[in-house]
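A.B. asks: Got a structure here, written out as structure tokens. Questions coming.
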Amino acid sequence: MSDLQHPELPVIVIGAGPAGLAAAAQLRSRDLPFLVLEAGHVAGAAVREWSHVRLFSPWSELIDPVAAELLAGAGWTSPDPVAYPTGGAWADGYLQPLADALGDTVRLGTKVVGVAKRGRDRLVDSGREDESFTVHVETASGEERIAARAVIDASGTWTGPNPLGGDGLPALGEHAAADRIAYRIPDFAEPGTRARYAGRHVVVAGTGASAKGALIALAALADDEPSTRISWLVRRASVGAAFEGSEDDELAERGALGRRAQEAVASGPVRTLNSFRTSSVDRADDGTLTLTSMDGQVVEGVDEVIALTGFRPDLSMLSEIRLDLDPVLDAPRRLAPMIDPNVHSCGSVAPHGAKELAQPEVGFYLAGMKSYGRATSFLTLTGFEQTRSIVAEIAGDHESAARVELTLPETGVCGGSGTFDDDAVSGGCCGTSAGPELITLGLPVRTS
Ligand SMILES: Cc1cc2nc3c(=O)[nH]c(=O)nc-3n(C[C@H](O)[C@H](O)[C@H](O)COP(=O)(O)OP(=O)(O)OC[C@H]3O[C@@H](n4cnc5c(N)ncnc54)[C@H](O)[C@@H]3O)c2cc1C
């Protein structure tokens, strides 16, 4: 039996991304009332923003099994399990059909701006556990309050890219230079974007997979437009460890991405600047940018910056909810040690579920990318297992909620977000520290 009151109320799922839609499929399979609230005007709105990036996971790792059953009933044909889709193909071939199959339980254009216990701000203890949730939303036609039995926040972190500044704050002058800084991996195949970067001096900051993808794509651009210059800003003392793990990565495409980036750096027009923690961005008289690091290194004549330094969750809509988050990662405290790049081994993150994700506010869960806070090793498969377990717990099926039904691929890609320049004291699992941010991104698709 479920421990939660108000079985007549829906479970609210925030976000119609891969994790939120998987939660919805699980809720449907257990006949629990639910609503998915999606800020965007399409399912998978965040994924669609990186439509041009090819995933390093094959289709077999991108489709929730329960969602597949639901889709099969709606006449859907499963894509080739060994093929690697782009973000756009993932959204077209799976996320949108799934949202369609879920029908009017998925409300698009509905942005959640607040979650609370009904009639109680965060301070009030009295009757708190038995009270339902209130979810405050904004739509084109105004505001609305929706009562909920439980809330699964699967709103991702896409809206919260980290700044360029080496201390996590925006560098001095960063905001003023916003017209020259991109915080997402550009679509270099798009003619306007290509023209923006071709023949320019482009700075790439970050050492995660997205930065590697950008370096590979820019190196290819420089083959066509030899006047293109690329400066790669690396916060650590040496770049070598950023490529370690590629050989061991059971995610073959992610390993290949690392190797291709290494080749691009070794043979291409990439100038690497180590220990570069950006402190300021200044605009010169000729309109170009000058970037200065905290230890006084300077990069001049910069036309464009691509800052790919990870993401952080937006917790503002949860200010009235009692959360127990790790102070470093902003991830649920019980989950944090399993994913903390300061301490955990580079082996797979153990599958986990309701127990690790539970919050002091009974019935409230973080799921998907958002549950990892600032940690960057999130895999979609993990999100599917999280939502399976959370929904089982909401349904009162504690035995199923506690069961682990997933084996994740090993990854040779180490953590290290929290490590500083000294590789010898790295907390990274392969005896090295990786980059300051290790987001699991693929390579932008090149059509030309
Ligand atoms: C470029 C890129 C490539 C990746 N490649 C892989 C890969 O190959 N393999 C892999 O396993 N993982 C990969 N990942 C990591 C991860 O699996 C994906 O990011 C995945 O999309 C995360 O799913 P999610 O549902 O948690 O979050 P999201 O996909 O971000 O979905 C969150 C949804 O919530 C909505 N939302 C946000 N705020 C609100 C709000 N306030 N109210 C209502 N709705 C809201 C958003 O519009 C969005 O639709 C990649 C990530 C990126 C960024």
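A.B. asks: Normalise the Cα radius of gyration of segment 365-405 by 2.2 N^0.38 Å (N = residues in it) and let me know the number.
C.D. replies: Compared with the compact-globule rule of thumb, segment 365-405 sits at 1.19.
A.B. asks: Straight-line reach from LYS212: which lysines have a Cα under 29 Å away, not including same-chain ones fewer than 8 places off?
C.D. replies: Once the sequence-local lysines are set aside, what remains near LYS212 is LYS370.
A.B. asks: Over the Cα atoms of the chain, what radius of gyration and what Dmax do you get, in Å?
C.D. replies: Reported Rg and Dmax, both Å: 22.0, 69.
A.B. asks: Any chance you could run the full-extension gain for SER60 through ASP31? It's 0.36 nm times the residue separation minus the Cα-Cα distance, nm to one decimal.
C.D. replies: Stretched out fully, the SER60 to ASP31 stretch lengthens by 7.9 nm.
A.B. asks: Follow-up question, since we're still on this one. Report the FRET efficiency, 1/(1 + (r/R0)^6), for LEU169 and GLU300, where r is their Cβ-Cβ distance and R0 is 30 Å, rounded to 0.05.
C.D. replies: 0.85
A.B. asks: Per residue, how much space in cubic angstrom lies within the convex hull of the C-alpha atoms of segment 1-148?
C.D. replies: About 130 Å³ per residue, rounded to a whole number.
A.B. asks: Tell me which of SER51, ILE152, VAL349 sits at the most positive position along the dipole axis of the chain, charges placed on C-beta atoms (Lys, Arg +1; Asp, Glu -1).
C.D. replies: Going by the charge dipole, the pick is SER51.
A.B. asks: Which whole-angstrom value gives the distance between the alpha carbon centres of segment 1-29 and segment 109-152?
C.D. replies: Each part reduced to its Cα centre gives a spacing of 15 Å.
A.B. asks: Under a point-charge model restricted to the Cβ atoms of Lys and Arg (+1) and Asp and Glu (-1), what is the dipole moment magnitude of the chain relative to its Cα centre, in debye to the nearest 20?
C.D. replies: 320 debye
A.B. asks: Based only on other Cβ atoms within 10 Å, what is the fewest-to-most ordering of HIS175, HIS52?
C.D. replies: Final ranking by Cβ density, sparse to dense: HIS175, HIS52.
A.B. asks: So if I take the centroid of the Cα atoms in segment 258-303 and the same for segment 365-399, what is the distance between those two points in Å?
C.D. replies: Segment 258-303 and segment 365-399 have Cα centres spaced 38 Å from each other.
A.B. asks: Going by how many other beta carbons lie within 10 Å of each one, how would you line up TRP59, TRP50, fewest first?
C.D. replies: TRP59, TRP50
A.B. asks: Let me ask something additional. Taking a virtual spin label 7 Å from the Cα of SER227 along the C-beta vector, which residues in segment 195-211 bring their backbone nitrogen under 15 Å of it?
C.D. replies: Residues 195-202 qualify, since their backbone N sits under 15 Å from the label point.
A.B. asks: Enter the angle in degrees (range 0 to 90, nearest 10) between the Cα long axis of helix 252-267 and the first principal axis of the Cα atoms of the chain, meaning the one along which they spread out most.
C.D. replies: So the helix axis and the longest Cα principal axis differ by about 20 degrees.
A.B. asks: Among LEU71, LEU27, LEU169, which one shows the highest mean-square fluctuation when the chain is modelled as a Gaussian network with alpha-carbon springs under 10 Å?
C.D. replies: Among LEU71, LEU27, LEU169, the largest GNM mean-square fluctuation belongs to LEU169.
A.B. asks: Next up: Helix 209-224 sits at what angle to the longest principal axis of the chain, using alpha carbons and giving 0 to 90 degrees rounded to 10?
C.D. replies: Around 40 degrees separate the two axes.
A.B. asks: If amide H atoms are built 1.01 Å from N in the plane of the peptide, which residues on other chains or at least 5 residues away come under 5 Å of the amide H of VAL36?
C.D. replies: Counting only residues 5 or more places away or on other chains, the set is VAL13, VAL106, ARG107.
A.B. asks: Between ALA16, ALA178, ALA209, find the one with the highest GNM mean-square fluctuation for the chain; connect C-alpha pairs within less than 10 Å.
C.D. replies: Fluctuation is largest for ALA178.
A.B. asks: Now a separate question. Looking at the chain only, what percent of DSSP beta bridges run antiparallel? Nearest 5 please.
C.D. replies: 50 percent
A.B. asks: What angle, in degrees between 0 and 90 and rounded to the nearest 10, separates the Cα long axis of helix 380-394 from the longest principal axis of the Cα atoms of the chain?
C.D. replies: Taking Cα atoms only, the helix is inclined about 20 degrees.
A.B. asks: Another one. Test of understanding: in a Gaussian network model of the chain with alpha carbons linked when under 10 Å, which of GLY109, GLY20, GLY213 would top the mean-square fluctuation ranking?
C.D. replies: Looking only at GLY109, GLY20, GLY213, the biggest GNM fluctuation is shown by GLY109.
A.B. asks: Assuming R0 = 51 Å, can you tell me the calculated FRET efficiency for the pair GLU143 and ASP80, based on Cβ-Cβ distance, to the nearest 0.05?
C.D. replies: Computed FRET efficiency for GLU143 and ASP80: 0.70.
Throughout, read-outs are computed from the coordinates displayed, never taken from laboratory work. Computed from a predicted model, the values in this text were never measured in an experiment. Because the Cβ atoms are built from the backbone with ideal geometry, glycine has one as well, and the counts that use them run over all protein chains shown.
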